[in-house]
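Working notes for the structure below.
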């Protein structure tokens, strides 16, 4: 059996890739994709813990996270389409009207 | 079969949620089938009736015993009832003050009220939930609705940009929150907050590192929603870009809902596992107050100033979190209620200036406002005094309770810093008061047009004013309710 830590390390790597993607990329679609990656790495951790604890709660949670991720994409893409209508671009750099 | 009957009985326990959901669906169906008074005329009415009914239904809930509903998913206790009442009052006032503002912004559609009701329902679910699945779901229910509300005036560039920023950063922080939950689950093997509390209290946690790591990530996620420095960078931008009623709603509602979960997760559970949390919260409280107040000093837009002031108020609330006593937690509940009234009132006046007088939201627009509209000018002065923390307003009592809880717990220096911060804050509030009573040159004043529907705005202001003053002059009843709510 593969030890629990292997799963945790893998999901940690995926989560970090997601963070780097959000911080580094300028295309809002890619940023959004990176956030989905972060959510999925959390799913992986849930399933791994659930398997090793012998408790199904974590796997149930994963279904809810998937639904939430889908709903978030619906709202997110709508907002990105609206951004495109204004700027004719989906680059996050174009959103620069509000500054402190 | 028997479980089904039990669930029907349990539904009484979250009646406010059901009522809000039902009225939201009625508006949605109504506008799909017929015009339903297009331009959202009936939408606002149904939303208003729904939220008032939900507030009245709390009377039924108050009679119920502390009870766990739906197999340990939701809870009905005094803590949640107090916060649900706060959230519903906020929703009612926001519906009242948005009636005219949204028309001017060109988004007077029924969907606006639907989203407002759904986000309010999500917040209610959040303060009632004691299972981590429900906490996460509720967080997303109200967040998704608020993302859309921020960008609801979609023809405005600035609003779209604000909603994009809020969406990306909000989803980013929700991912941190979720990842933290996985490790709390890994450490305890359960998602039930009460079971987690029992396990922590019994010292039966096998892997404390998981719990600390998970707790820290959950803290990041919640701190983002409450706008604690250094997770506050989105706040001024989003607050400025959003339609003003939504700004008011976010400052009050999102903060209250996230703080409720924060207290549930940290107040009685995770604070017990390590003494270092108090040091961390001490630092967060100090930098949140200071950054909020110092940045507010240099703002020219009143909306932006109120955004930074909301960050500073989150810092004051955190002072009581550091204290960590039941007295402090009761103070937080009271503070949230007072903050609801005074902040919505202040934003209501900004809406009046912006939309009904047709001016911008910078300090210059307020010049001579106290002479042109003496009564509303005076209201603004009272709200600002309350935000400043001067007696005889609610803001004074709230600050007094919160600070004295920290003194009782022995954090003298924290209170000294907090009081210095209140003095700094007085500068920018007083600057606005002085502007209100500075005579403007007659040339640039806009003519007062007869305003249709401003009566709703006035009712919203009156509710806020009464709340602010009553909580300042005779606070004992409500304060006692708040104290009883936290002594579980």
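Taken together, the values in this text are just the output of simple stated rules run on the coordinates, not laboratory data. The structure displayed is predicted, hence computed values, not measured ones. Using ideal geometry, Cβ is built from the backbone for each residue, glycine included, and neighbour counts are taken over all protein chains shown.
Is there a simple number for the mean count of other chain Cβ atoms within 10 Å of the Cβ of residues in A:75-83, and what is it? If you can, show how the numbers build up before the last one.
Details: counts 9, 8, 0, 6, 13, 4, 1, 9, 7.
Across A:75-83, the average partner-chain Cβ count within 10 Å equals 6.
At a 10 Å Cβ-Cβ cut-off, how would you order B:129, A:11, fewest neighbours first?
So the residues, fewest neighbours to most, are A:11, B:129.
Using Cα-Cα distances under 8 Å and only pairs 6 or more residues apart, what relative contact order does chain B have, in percent?
Relative contact order of chain B: 16 percent.
Any chance you could list P(r) for segment B:1-153, counting all Cα-Cα pairs in 10 angstrom bins from zero, rounded to whole %?
Pairs per bin, as whole percents: 11, 40, 32, 14, 2, 0.
Peptide B:184-192: average number of partner chain Cβ atoms within 10 Å per residue?
On the way: counts 1, 9, 10, 2, 2, 8, 4, 6, 1.
Average per residue, whole number: 5.
State, as an integer percentage, the relative contact order of segment A:4-98 based on alpha-carbon contacts under 8 Å between residues 6 or more apart.
Values: 77 pairs, mean separation 27.1, N = 95.
Rounded, it is 29 percent for segment A:4-98.
Report the rotationally averaged projected area of segment B:85-152 based on its alpha-carbon convex hull, in square nanometres. If you can, show how the numbers build up before the last one.
Details: hull surface 17.4 nm².
Seen from a random direction, the Cα hull of segment B:85-152 projects 4.3 nm² on average.
How big is the Rg/Rh ratio for the protein assembly as shown, C-alpha atoms only, Rh by Kirkwood, two decimals? The partial results should precede the final answer.
Working: Rg = 23.1 Å, Rh = 24.2 Å.
Ratio value, two decimals: 0.95.
Based on other C-beta atoms within 10 Å, arrange B:204, B:140 from fewest to most. Working shown, then result.
Details: B:204 9, B:140 24.
Ascending Cβ contact count within 10 Å gives the list B:204, B:140.
I'd like to compare B:141-148, B:417-424, A:53-60, A:31-38: which one has the highest average count of other Cβ atoms within 10 Å, and what's the full order after that? Kindly include the intermediate steps, with their values, before the conclusion.
Working: B:141-148: 24.1, B:417-424: 16.8, A:53-60: 15.0, A:31-38: 21.8.
Order by mean packing, descending: B:141-148, A:31-38, B:417-424, A:53-60.
Would you please put B:457-463, A:78-84 in order of how densely packed they are, using the mean number of other Cβ atoms within 10 angstrom per residue and starting with the highest?
Numbers: B:457-463: 20.4, A:78-84: 18.6.
Answer by packing, highest mean first, reads B:457-463, A:78-84.
Report, to the nearest 10°, how far helix B:110-128 tilts away from the longest principal axis of the Cα atoms in chain B, using its own Cα long axis and a range of 0 to 90°.
The helix B:110-128 is inclined about 30 degrees to chain B.
By counting other Cβ atoms within 10 Å of each Cβ, how are B:231, B:177, B:400 ranked from fewest to most? Can you show the working numbers first?
On the way: B:231 21, B:177 26, B:400 14.
Ascending Cβ contact count within 10 Å gives the list B:400, B:231, B:177.
Expressed as a whole number of Å, what is the distance separating the alpha-carbon centroids of segment A:34-77 and segment B:79-154?
Cα centroid of segment B:79-154 versus Cα centroid of segment A:34-77: 25 Å apart.
What percent does the relative contact order of segment B:111-247 come to when contacts are Cα pairs within less than 8 Å and at least six residues apart? Write down the numbers at each step before the final one.
On the way: 165 pairs, mean separation 37.7, N = 137.
Relative contact order comes out at 28 percent.
How large is Rg/Rh for segment B:69-187, to two decimals, with Cα atoms and a Kirkwood Rh?
Details: Rg = 16.3 Å, Rh = 15.8 Å.
Rg/Rh for segment B:69-187 comes to 1.03.
What whole number of Å gives the distance from the Cα centroid of segment B:321-379 to the Cα centroid of segment A:1-15?
So the separation of the two Cα centres works out to 49 Å.
Once you have the alpha carbon radius of gyration of segment B:319-472, what is it after dividing by 2.2 N^0.38 Å, with N set to its residue count?
Values: Rg = 17.5 Å, N = 154, 2.2 N^0.38 = 14.9 Å.
For segment B:319-472, the normalised Cα radius of gyration is 1.17.
What is the helix-to-structure angle for B:15-33, meaning the angle in degrees between its Cα long axis and the longest Cα principal axis of chain B, kept from 0 to 90 and rounded to the nearest 10?
Compared with the principal axis, the helix lies near 50 degrees.
Give, to the nearest whole percent, the P(r) tail of segment B:232-271 beyond 11 angstrom, counting all Cα pairs. Walk me through the intermediate numbers first.
Values: 518 of 780 pairs.
The answer is 66 percent, as a whole percent.
Using a 10 Å cut-off on Cβ to Cβ distances, tally the other chain neighbours for every residue of B:154-164 and report the average as a whole number. It would help to have the intermediate numbers written out before the result.
Details: counts 7, 3, 2, 9, 4, 3, 10, 11, 3, 6, 12.
Mean partner shielding for this stretch: 6.
Helix B:374-388 against the longest principal axis of chain B: what's the angle in degrees, Cα atoms only, rounded to the nearest 10?
Helix B:374-388 sits at roughly 30 degrees to that axis.
Based on alpha-carbon positions alone, could you give the equivalent ellipsoid semi-axes of segment B:1-83 from the gyration tensor, as √(5λ), descending, whole Å? Present the calculation step by step, with values, prior to reporting the outcome.
Numbers: eigenvalues 178, 50, 13 Å².
Semi-axes, largest first: 30, 16, 8 Å.
How large are Rg and Dmax for chain B when only the alpha carbon atoms are used, in Å?
21.7, 75
Computed on alpha carbon atoms, what radius of gyration and Dmax characterise segment A:4-98, expressed in Å?
For segment A:4-98, the Cα radius of gyration and maximum Cα-Cα distance read 16.2, 51 Å.
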